[in-house]
Each structure stands twice: as structure tokens, then as C-alpha cells.
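Bear in mind these aren't lab numbers, they're just calculated from the coordinates by the rules spelled out. None of the values given here were measured: they were computed from a predicted structure. Glycine gets a Cβ as well: all are built from the backbone with ideal geometry, and neighbour counts include every protein chain shown.
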Amino acid sequence: MEYKDYYKILGVSRDVSKDDLKKAYRKLARKYHPDVSKEANAEAKFKEVGEAYEVLKDPEKRAQYDQFGSNYQHGQSFTPPPGWEGNAGFGGGHNSNFSSFFESMFSGGMGGGGMGGDNFFAQGEDVNAKITISLEDAFHGAKKSIRRPGGSNQAGTISVKIPAGITSGKKIRLAGQGRAGAGGQAGDLFLEINIAKHSHYRVEDKNLLLDLPIAPWEAALGAKVTVPTLAGKISLTIPADAKSGQKMRLKGRGLPGKPAGDQIIVLQIMTPPAADAKAKQLYQQMAEEMAFNPREEIEKVL
């Protein structure tokens, strides 16, 4: 049978380090992956690269290959030494993903468990990516169709279920949607959630903060005002003598969960502009009739 030069297949020297070997394999595996490569012989090359890495990454297999396989020149036949078959120490069972050269040299195949265990090539790899969603999607939950990130099992799009109440930094695991192995199980795809900045709300863990503008007379006299929440509008009572920056808590109105977050209203007193003569007159009247000094406490210190 034809000798296979695994070092040449991976484009590495015979004294290549473990880390450089892995880098070379990953580069070629991405290049020839059947789901993304446009080369005519991509699938065959992908399997050949995987077979070479399967042997050279394992110190015991690499030593056996270097001892016997390197004595043969490319293009010549390879005949295993007497008693080789079944004594290579790598388990039992034929695997169609590997060449007859591999089967003759390592007739036991892949360590008793087939394409499993800690086999990097067979198992594939996990893929990590990020997805940005709206605050509304985080609150209500949603289904999204996203483009698969580079390095995942297939091209095209994938459907993702966004659970209600998810927060930034949390990850959604999509089993089997990561990088594929040859003949084995693909890794998983992990999507890290990022909640986009909202025009009105600020997110702190599961709490939602909302700045609520109120008029000076609403702050001074108290009032009932309509306040938005992500679940709908509610009526809120502003207490008399309210201060700018004062916080009011709406229990359970934040992101859903066990427990749910709260919505925190931050009161912001807005001063009407003195845009015309009448408004200026009202401000002048207030200045004359109200004994109010907003800097009184500071002046005591100075």
C-alpha cells in the first residue's frame, strides 16, 4: 500500500512541537472543511489532514510511526512488521474515515471508544461568539435567526431561542453547532449575550433604571403621573416635596427571573424655560414671594 508522509501532509518538520502541530492542523482543517471549502478535493484533503494529526498528536502513535513508517519512501509499498497488527496498543475496530495505510499501521484504530474521549480531531471544537439583542427581547424573550459564526459546523443561518430575563454576559449553548470533527460529534456553539444600549432605560443586572422628568409643581405638591414599563404603562404617585435624584422602586418590574428585577424610577425635576414675558413675570413673582435659598446648606460650610 502507498506510504503516507504525515509530516508532509501537515506541512511541518519532523521535529515539530505539539503547539505548532496543532496550529498547522487547525489552519488546514479550516481550509479544507467540506462545509466551507470550494476546492474539488476538499473532503478527501480534510480526512487526510485529520488522519495525519490523529497520529502525530499522540506521542505513542507518533513514536511508532517514526520508528516504522519513516523507513519507507513515498510511492513505495508499506508492509507492517511481523506481529504488528493488533499489537499497536490502540484498541480495536476498523474506521472508514482513515486510509488503509493507517489501518495497517494502527489496526486497533481509535482507542476502544471509536472517535471519542479526548480526541481533538474526532470530537470537533466548541465555538464562542457574541450576539447583541434589544432590551425588549431580553425582557419578553424572542426567537432570532442569525448567521452562523465562522468555524461552526455549517454555513447559513441558525434559529436561536432567547429566554426571557437573560442578562448581558450570559451564554446560550447550542449543542452540536460548533466546529465539526471527522466522523465524530461536533463541538457546541456558545453565544454570549450583549444587550444593546436603550434610549430610555439603563440596565443594572436585572434592574431597570428610568429617569422620569417631573415639573417643579409636581415635585412640590405631589402628583399622579403615567410611567412606562416594559410590560405596559402604570400610574405612579409622586410624593409631595420630592427631590431631584430621588428614587422610587417598582417591585418586580425589571427583567423577569426568580426573583425578578425591579424598575427604579429616578426623579428629575425639569425647570420650564422663561421663554416669554409672562413666564419671566411668574419667575420674578416666585423669587420675591418665596423665601427659598437652594444653597443654604453649602453657605453654612463656607
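Residue 236 versus residue 60, label points 7 Å from Cα toward the beta carbon: distance in nm?
For residue 236 paired with residue 60, the spin-label model returns 6.7 nm.
What ³J(HN,Hα) values, in whole Hz, does the Karplus curve 6.51 cos²θ - 1.76 cosθ + 1.60 give for segment 36-43 when θ = phi - 60°, with x put for Gly and Pro?
Residue by residue, segment 36-43 yields 10, 6, 9, 6, 4, 9, 4, 5 Hz.
So between residue 220 and residue 39, what do we pick up on full extension, going 0.36 nm a residue minus the alpha carbon distance? Please list the in-between numbers first.
Working: separation 181, 0.36 × 181 = 65.16 nm, distance 7.51 nm.
My answer for the length gained is 57.7 nm.
Please enumerate, by chain and number, the aspartates and glutamates with C-alpha under 17 Å from the C-alpha of residue 224, excluding those fewer than 8 residues away in the same chain.
Output for residue 224: 211, 241.
Note down the nm distance, to one decimal, between modelled labels 7 Å out along Cα→Cβ at residue 192 and at residue 132.
The answer from the label model is 1.5 nm.
Apply the Karplus parameterisation 6.51 cos²θ - 1.76 cosθ + 1.60, with θ equal to phi minus 60°, to every residue of segment 270-279 and state each ³J(HN,Hα) to the nearest whole Hz, in sequence, with x for glycine and proline.
Values, residue by residue: 9, 8, x, x, 8, 7, 9, 4, 5, 5 Hz.
On a 21 Å Cα-Cα criterion, which of the cross-link pairs 143/171; 197/251; 130/258; 171/197; 144/233; 280/300 come out too long? Walk me through the intermediate numbers first.
Details: 143/171 15 Å; 197/251 23 Å; 130/258 25 Å; 171/197 19 Å; 144/233 27 Å; 280/300 30 Å.
197/251; 130/258; 144/233; 280/300, as the Cα separations exceed 21 Å there.
Under a cut-off of 20 Å between alpha-carbon atoms, report the aspartates and glutamates in cross-link reach of residue 206, not counting same-chain residues fewer than 8 places apart.
Leaving aside aspartates and glutamates fewer than 8 places away in the same chain, those within reach of residue 206 are 136, 137, 192, 262.
Would you order 139, 190 from fewest to most other beta-carbon atoms within 10 Å of each residue's own beta-carbon? Working shown, then result.
Details: 139 22, 190 16.
Least crowded to most crowded, the residues run 190, 139.
Could you work out the relative contact order of segment 167-274? I mean the mean sequence separation of Cα pairs under 8 Å and 6+ apart, divided by the number of residues, in percent.
On the way: 208 pairs, mean separation 25.2, N = 108.
Averaging sequence separation for qualifying contacts and normalising by length gives 23 percent for segment 167-274.
Give the lysines reachable from residue 18 as a straight Cα distance under 26 Å; neighbours fewer than 8 places away on the same chain don't count.
List returned: 4, 8, 27, 31, 45, 47, 57, 61.
For segment 273-298 and segment 177-249, what is the separation of their C-alpha centers, rounded to whole Å?
35
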